[in-house]
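To start, the structure under review is shown below, and the notes come after it.
The values are calculated or read from the model by the stated rules, or taken from the named source; none is laboratory data. Fair warning: this is a prediction, and the values are worked out from it, not measured in the lab. Here Cβ is always computed from backbone atoms with ideal geometry, including for glycine, and neighbour counts include all displayed protein chains.
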Amino acid sequence: MTSDRWADPKVGSPVDIDVLIPTVGRPAELAVTLAGLAAQDDPPFRVIISDQSDDAIGTAHPAVEAMVRVLRAQGRTVEVHRHLPRRGLAEQRQYLFDCSSAPAVLYLDDDVWLEPGQLETMSSALDTLGCGFVGEAVQGLSYLDDERPEQQSGFELWSAKVEPERVRRGLPAFDRWPLHNAANLTHIARRIPLSSHGWAAYKVASVGGCVLYSRHVLEEAGAFRFWSDLPAQHSGLTGLTVLSTPHPAALARSLVTSAQALRSFYMLVFQLPWIPERLLRRRLTSLLERMGLTSSVAASYGSFMSEPRRLTGGLNWYRGIALPDKRASPNSTVLVPTTYIWGNGDQALGRRAAELTRPFIAARYRFVELAENHWLPENAPDVVAREIIAGATSR
């Protein structure tokens, strides 16, 4: 935003784009998202936020309020709506759509930072291509040193007019799904020449997080009104299948009612900085073998984790377990049909935690006990696949 337009009283003026942001309890991420919008110039836009935090922490946080003031000082309209109760992702998106009126709507996740000028770039692409939507794949910059050529092979530019495609599992178009993993598009962009517009149109299997729609096309497609046909509190899910891991609250209770604390002691060790990496880097393969993996699979995992940062990334998952997450309570009840597959030889997760999971499922529940260890997909792939299919077809 150029400085000569600050405090220009244009609030309420017609806009070309409504930026629609759904959020639940993520004030730090939301503030960063709003900061990215404050760095955009044209086309004129309005910001509409739907906050579904139980305590309004998503929009009442000082960092968020500060960025809202910045945008309003720039002459932008910023609407903040408290929208409860939560009825799932599709319903929230439809609610935002109903609050909007601009010719184009940008659905922007509440943890995405837009590079300056990106709103204009997307608007230009939508107008030039004449299609129903354009998206910008969200890039994980922590993966800049993790190039994955095998996931980039499906990249294909549109050489002519953009046309509708059928994307289904088993069709070639579906094989593009890994394109938006990690930082794949950042790596691809190094070798793909851009047009004079400053962007390139390529074929996708799906795109999310930052998608600009033509309003009338989305309206003709029904927008997200299908939400009412989904289960209550669907959150995009119609069912759940879990391997090995119990409900978080069940695991917590088992720590004080069984020997689970001893089984989970390694998680406490993993909280230490750099020491676990030092101990595991050369011993991981043999450790995985002792835990029940076959030699070939253990060697494959050990080789993969030997690359810089990969082992730290895996350990950081454990290091983040204790961090607060305001998006959901650890005691939350699962509201969709659930299949829980557990091996009774699991060295890490014992029977008590598995059995305590049932009270936290408020829907049809299947508990499948296998005579296997922790590594179910690796050691019993056919049985696991059969049970997943059985769970999905019984919903």
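Of all residues in segment 128-146 being farther than 25 Å from residue 30 by Cβ and surrounded by 15 or more Cβ atoms within 10 Å (Cβ to Cβ), which is farthest from the chain's Cα centre (by Cα)? Only one residue tops the list, namely 129.
For residue 82, the requirement of being at pLDDT below 95, in contact with a strand residue (DSSP E or B) (Cβ under 7 Å, 6 or more places away or on another chain) and exposed (fewer than 15 other Cβ atoms within 10 Å of the Cβ) is met. Just to be sure before I move on: is residue 222 touching a helix residue (DSSP H, G or I) at 6+ places or on another chain (Cβ under 7 Å), of a type in the set (Gly, Ala, Ser) and under 20 Å from residue 102 (Cα atoms) in the structure I sent? In short, no.
Just one of the listed residues (126, 157, 144, 119) is over 29 Å from residue 16 (Cβ atoms) and either of a type in the set (Ser, Thr, Tyr) or in the same structural domain as residue 197 (by TED's automatic domain parsing) (or both), and it is 144. So residue 119 passes all but one of these: (1) among the aliphatic types (A, V, I, L, M); (2) in a loop (DSSP other than H, G, I, E, B); (3) buried (at least 17 other Cβ atoms within 10 Å of the Cβ). Which condition number does it fail? Of (1) among the aliphatic types (A, V, I, L, M); (2) in a loop (DSSP other than H, G, I, E, B); (3) buried (at least 17 other Cβ atoms within 10 Å of the Cβ), only one is false for residue 119: (2). The helices (runs of 4 or more DSSP H) found wholly in segment 31-102 and carrying at least 1 residues that are closer than 17 Å to residue 210 by Cβ and among the charged types (D, E, K, R) occupy 89-99. Scanning segment 367-387 for residues that are closer than 12 Å to residue 241 by Cα and surrounded by 16 or more Cβ atoms within 10 Å (Cβ to Cβ) yields 368, 384, 387.
As a summary of the residue check, residue 363 satisfies the conditions (1) out of contact with any Asp or Glu (no Cβ under 7 Å at 6 or more places or on another chain); (2) surrounded by fewer than 16 Cβ atoms within 10 Å (Cβ to Cβ); (3) modelled with pLDDT of 95 or more except for the one numbered (3). Exactly one residue out of 19, 112, 32 is surrounded by 21 or more Cβ atoms within 10 Å (Cβ to Cβ) and at pLDDT 95 or above, and it is 19. Can we say residue 89 is at pLDDT below 95 and either outside the structural domain of residue 219 (by TED's automatic domain parsing) or of a type in the set (A, V, I, L, M, F, W, C) (or both)? Yes, satisfied. For segment 203-232, what are the residues that are surrounded by 16 or more Cβ atoms within 10 Å (Cβ to Cβ) and outside any loop (DSSP other than H, G, I, E, B)? Scanning segment 203-232 gives 210, 211, 212, 213, 214, 215, 218, 227. Only one entry in 50, 100 is of a type in the set (S, T, N, Q), buried (at least 17 other Cβ atoms within 10 Å of the Cβ) and touching a Phe, Trp or Tyr at 6+ places or on another chain (Cβ under 9 Å), namely 50.
Flag not set for residue 217, criterion: within 24 Å of the chain's Cα centre (by Cα) and modelled with pLDDT of 95 or more. Return yes or no: is residue 167 touching a Phe, Trp or Tyr at 6+ places or on another chain (Cβ under 6 Å) and surrounded by 16 or more Cβ atoms within 10 Å (Cβ to Cβ)? Taking the combined requirement at face value, the residue satisfies it. Within segment 241-280, the set of residues being surrounded by fewer than 17 Cβ atoms within 10 Å (Cβ to Cβ), outside any helix (DSSP H, G or I) and within 25 Å of the chain's Cα centre (by Cα) comprises 242, 271.
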